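Notes follow once the structure below has been shown.
Readers should treat all values here as calculations from the given coordinates under stated rules, not as data from a laboratory. Note that this is a predicted model, so its numbers are computed, not measured. Quick reminder, even Gly has a Cβ in these numbers, built from the backbone with ideal geometry, and neighbours come from all protein chains shown.
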Amino acid sequence: MEVIHKIGRRKTAVARVYVSEGSGKFSVNKKDLKDYFTTGPLLYKVNQALNLTGNDDNFDVRANVYGGGITGQAEAIRLALARAMVELDAENRAVLKPEGLMTRDPRMVERKKFGQKKARKKFQFSKR
């Protein structure tokens, strides 16, 4: 099996994932997975696609991720891994799609407008 390369995005985070056969090593930006994502919920999100398809220990994963925050990066890696699992075996799609892992989340931060404090919040109105 050759190396499978997939891209996942979430908000402004972009993740490139390289999946190859191996023993379950997982590195993110040349760091160990547990050193990069320190909390339980983030580790669960990143490993969700592998756990659902039962491929936790069958593949080595190398991920490069940039942009956004730590949660957006974790969800970008999750999408890229889900896409890689589907390329490996098309039957994995039936497992991952109901969990919502095959859908790119389109929500982005709304831009700030001029004459306002934030995207929707206005400056305080003074009657006098």
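Enumerate the lysines that LYS31 could reach by cross-link, defined here as Cα to Cα under 28 Å, with residues fewer than 8 away along the same chain left out.
LYS6, LYS11, LYS45
When the chain is fully extended, how far beyond the present Cα-Cα distance does LYS25 get from LYS118, taking 0.36 nm per residue of separation? Can you show the working numbers first?
Details: separation 93, 0.36 × 93 = 33.48 nm, distance 4.29 nm.
Computed gain between LYS25 and LYS118 is 29.2 nm.
Roughly how far apart, in whole Å, are the Cα centres of segment 67-128 and segment 1-59?
If you average the Cα positions of each part, the centres end up 18 Å apart.
Please report the relative contact order for the chain, taking Cα pairs under 8 Å with a sequence separation of at least 6, and give it as a percent rounded to a whole number.
Normalised by residue count, the contact order of the chain is 30 percent.
Based on DSSP, what percent of beta bridges with both residues in segment 13-128 are antiparallel, to the nearest 5? Each step should come with its number before you reach the end.
Details: 10 of 13 bridges.
Here the antiparallel bridges make up roughly 75 percent for segment 13-128.
May I ask you to evaluate 6.51 cos²θ - 1.76 cosθ + 1.60, the Karplus curve with θ = phi - 60°, for each residue of segment 43-54 and list the ³J(HN,Hα) values in order in whole Hz, giving x for glycine and proline?
Result, ordered by residue: 5, 5, 4, 5, 8, 4, 5, 5, 5, 5, 8, x Hz.
Viscosity 0.890 mPa s, temperature 25 °C: give me the Stokes-Einstein translational D for segment 26-113 in µm²/s, with Rh taken as the Kirkwood radius over C-alpha pairs. Before the final figure, lay out the partial values.
Values: Rh = 13.7 Å.
D, rounded to a whole number, is 179 µm²/s.
Sorting check: for 50-62, 28-40, 10-22, 68-80, which peptide has the highest mean count of neighbouring beta carbons within 10 Å, and how do the rest follow?
Ranked by mean Cβ neighbours within 10 Å, highest first: 68-80, 10-22, 50-62, 28-40.
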